[in-house]
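Each reported figure results from applying straightforward, stated rules to the coordinates on display, with no laboratory input. No experiment lies behind these values; they were computed from the predicted model shown. With ideal geometry, Cβ positions are generated from the backbone for all residues, glycine too; neighbour counts draw on all protein chains shown.
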Amino acid sequence: MKYSRLILANLFRKKIRLALTLGSFAVALFLFAFLGVVKDAFNRGMDVAGADRLVIINRTSIINPIPLSYRDKILRIPGVTYVTHNNWFGGVYQDEKNFFPQFVIDPENQRQVYPELIVPEDQWNAFLKDRQGAIAGAETAERFHWKIGDRIPIKTTLYGGGSWEFNLDGIYHGARAQDDETQFWFQWDYFEERVPDRDKGRTGWYVLRVKSVDDSVRVAKTIDDEFANSPFETRTQTESAFQASWAKQTGNISFLILAIGTVVFLTLLLVTGNTMAISVRERIGELGVLKAIGFSDLTVLFFVLGESLVIALGGAALGLGLAVFTVPVLSKALNGLLPRLILDRSVLVTGLVTAILVGLISGLLPGISAMRMRVVNALRRV
Amino acid sequence: MGAKLFFGFLVTLLAVIVLVSIAGIIAGLLAPLIGNVPVSYNFRSIRARWTSTIVAVLGIAGTVGVFVAMLSLAHGFKATLVASGSPGNALLLRAGSPSEMMGGVTLDSVKIVQDAPGIARDGAGPLITQEVVGVIPFPLITTGTDANVQVRGVSPNVLRIRTFVKMEQGRMFQPGLSELVIGKNAAKTYAGLKLGDDVAFGGGNWKVVGVFDAGGSAFDSEVWCDSKILNDVLKRPDNIFQSVTVHLTSPADFQQFKDAIVADPRLNLDVTREIDYYAKQSTVMTTLITVLGGMVAAVMAIGAVFGALNTMYSAVAERGREIATMRALGFSSWNVILSFLFEALLISFVGGVLGCLAVLPLNGLTTSTMNFQTFSNLAFAFKITLDLLLMGVLFALIMGILGGMFPAIRAARLPVAQALRDL
């Protein structure tokens, strides 16, 4: 790149302008990354979902229970490998603001159905032996500074009410970054023992794994047919469809975020395009001189494009780099309000590509006019 | 800890910026009044550099638009839930229950509550509705996928308790029959919930006999029916309800009613004003939208200020000779600063007004989201109020001052002789 020194020298001529243009690029890219992260957080459920997992809920309403007696019938259906049943506990730890989901779990098959949520073997064994045992996700444990062995009281108004006490026997970690590490699990036996009679023998939902993903539609239908016309009809869906139905109900949030992103990018395009136009306009005389001493039209276009690309890449690196550093801080600060924020590589790549495109487009217009300009006119202007 | 420090720092920084900006705005607005560079000079110079001015205006307009839209969304969500409560009503839940979904009030308790002092009565008896809520999936008209609708079993006299709810089409359900009345937003949002439709859910067959208008409150997203039938269909015990709402003889009687309920040893119920209950329900979502919207607008504002700074700096650079001429003619550096501030304010004011105008059509536009307190879908409208618009314009002016102040100072400090000699 024999012209790179000339491009750099031109860039650094107006240092304030360079800083401001880089800055607005960086801000826009930071915002882009941030919006992408938030959008991902809203749709998180879907990419956590296991392809071979099905969720069975009560057909009437997700808040209605299903009998525990269904478990053996489900297991007998060909194609089903593991079944676990979970129940929503809906308790409060110290204060309503400290929300995290608590599930009553069936310890026998929970780990087979959710192999990506990893509990160390010794902790799991301690949990199995402890009637009041509990396992917490790493994120929740860190949030409340829990250590293994802590006694954790959780108040509830459901299931007979009162304060339930648990011993923290283990902490699980997700195998992948997007796995939910906020859940709190405890023993089905302890639950069954304390709830009033009318809640005994019932669960909130079943989660099962099928032998082959291609088979899941048939298995789902067989299950729903099996329990059709019973007092507790079921609705069986793949886990991702189940999660998607929740995510869809947060409504137009994704659309709003995309709309904002578009507004931001149009604004950004205008700002950079304008800056490039100004700097070309100011240098019309110089570009005329360059052409007069024999630089080709294309080389002149290359100078202008090169400048805007350097700005675009520099701004993108700054903004995306800032996002990489601040997203973990923001995630901590917004804990409890939003699911964990994770900066996905695809957001970074999209951001970079978009930055290059914006750089090219905003350099192209003034670049082409510089290329077409007649030397005589350029030199005649002041 | 680190996060707290970070936010404390941000808040301090913001406070300083706002204070400086307000001083700048006042100074800039006063500029035409104090003997100064004529205002027509600013208008002409804007016209001379209209392309970069338009870019600055659009940058500010975009930022203000996003800012106002986000705030109006939060505002609309809150207004929808707050409108659901009446000051003259009291809501009773089982003690400690954070929401209706988790409530449980027995029929025995309802009978005791009926006789408490402060409850309004009409010819048919006390104005009290014992309610059951269920969450039933219905397909959305737009996507065909299911969304959860809150189905509320109510007493037949509910319209005398929630007096703002009016039947828009058809009639109220008959007690004891499987009939539904639909909130007007629910009727528009879900397939198969029109007047006269037959609906099957929960093992029962229902007929839609009416559509009601609940004045833009959360009830507009709900489906109502007889609570006895709903308990039956949802296979719940018929003597347990999830909440009880009473109409008081007057809002002032609330304390007397509450004292009577709390003092009764047979009851274990929490009493809140209905309006307070719904205001509290809205806090999580409102905070979420405000925090997210605030962060997006703040980051965008930085971008817009950079844009404005660029425009004003290049204006100063291009007009170096003009400025020096003015100084040579006897205008003081203060006059030059004020003149530039005024120009920046003018640009940002136009941007702010444009941004507000651009989002104004959103007012009243209905969107929906999940209400995490009830696990059901809630329709609500963007609500743009005058004070939001004023905030938007003020926000624009602050950006204008931040973008104009440093270039103005630089303009004033240009050495006169050297600037005149250049070129």
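Farthest toward the positive end of the dipole of the protein assembly as shown, out of A:GLY359, A:LEU54, A:PHE232, is the Cα of A:GLY359, where the dipole comes from beta carbon charges about the Cα centre.
From the Cα trace of chain B, what convex hull volume per residue do you get, rounded to a whole Å³?
Value for chain B: 192 Å³ per residue.
Relative to the longest principal axis of the Cα atoms of chain A, the long axis of helix A:239-249 lies at roughly 60 degrees. Summarising the label geometry, the points placed 7 Å from Cα in the beta-carbon direction at B:ARG47 and B:LEU107 lie 8.3 nm from one another.
Within 10 Å of the Cβ of each residue in A:61-69, the mean number of Cβ atoms contributed by other protein chains is 4. Farthest towards the positive end of the charge dipole of the range B:96-267, among the residues B:LEU234, B:HIS247, B:GLY144, is the Cα of B:GLY144, using unit charges on the Cβ of Lys, Arg, Asp and Glu.
Among the listed pairs B:LYS111/B:LYS383; B:LYS188/B:LYS228; A:LYS39/B:LYS280, which are separated by more than 30 Å between their Cα atoms?
Over 30 Å Cα-Cα: B:LYS111/B:LYS383.
This model, with +1 at the C-beta of Lys and Arg and -1 at the C-beta of Asp and Glu, gives the range B:127-185 a dipole about its Cα centre of some 260 debye. Treating each Cα of the range B:306-423 as one equal point scatterer and applying the Debye formula with no solvent, the log10 of I(q)/I(0) at q = 0.19 Å⁻¹ comes out as -0.95. Distance from the Cα centroid of the range B:200-272 to that of the range B:299-334 is 64 Å (rounded to whole angstrom). For chain A, a Gaussian network of Cα nodes joined below 10 Å ranks A:PHE295, A:PHE227, A:PHE184 by mean-square fluctuation, and the top entry is A:PHE295. Charged side chains reduced to their Cβ positions (Lys and Arg at +1, Asp and Glu at -1) give chain B a dipole of some 1420 debye around its Cα centre. Scanning residues 5 or more positions from B:GLY104 or on other chains, those with amide H under 5 Å from its amide H are B:ARG94, with H placed 1.01 Å from N in the peptide plane. Sorted largest first, the principal axis extents computed over the alpha-carbon atoms of the range A:60-232 equal 46, 37, 30 Å. Using the Cα centre of chain B as origin and beta-carbon charges of +1 (Lys, Arg) and -1 (Asp, Glu), tell me which of B:VAL336, B:VAL299, B:LEU180 is placed farthest towards the positive end of the dipole. Going by the Cα projections, it comes out as B:VAL336. Under the simplified labelling scheme, the B:PHE6-A:ILE361 pair shows an inter-label distance of 3.1 nm, with each label point 7 Å from Cα along Cα→Cβ.
Over all residues in B:132-138, what is the mean tally of Cβ atoms on other chains that come within 10 Å of each residue's Cβ?
3
When Rg and the Kirkwood radius Rh are both evaluated on Cα atoms of chain A, their ratio Rg/Rh stands at 1.18. To the nearest 10 degrees, how steeply does helix A:15-42 sit against the main Cα axis of chain A, on a 0 to 90 scale? Orientation of helix A:15-42: about 20 degrees from the principal axis.
About its Cα centre, the dipole of the protein assembly as shown is roughly 3820 debye, where the only charges are +1 on Lys and Arg Cβ and -1 on Asp and Glu Cβ.
Note on A:SER346 and A:VAL217: with the Förster distance fixed at 35 Å, the Cβ-Cβ geometry gives a FRET efficiency of about 0.75. Take the Cβ atoms of A:ARG5 and A:PHE255, set R0 to 56 Å, and the FRET efficiency comes out at 0.75. Scaled against 2.2 N^0.38 Å for its residue count N, the alpha carbon radius of gyration of the range B:96-267 is 1.06.
Over all pairs of different C-alpha atoms, the range B:200-247 has a mean inverse distance whose reciprocal, the Kirkwood radius, equals 12.7 Å. Projected onto planes of every orientation and averaged, the convex hull of the alpha-carbon atoms in the protein assembly as shown covers 41.6 nm². Normalising the Debye intensity of the range A:1-146 to I(0), with uniform scatterers on Cα atoms only, and taking log10 at q = 0.16, 0.21 Å⁻¹ returns -1.15, -1.49.
With both partners inside chain A, how many of the DSSP beta bridges are antiparallel, as a percent to the nearest 5? Don't skip to the end; give the middle numbers.
Working: 32 of 42 bridges.
Bridges in chain A are about 75 percent antiparallel.
Rounded to the nearest 10 degrees, the angle from helix A:345-372 to the longest Cα principal axis of chain A is 20 degrees.
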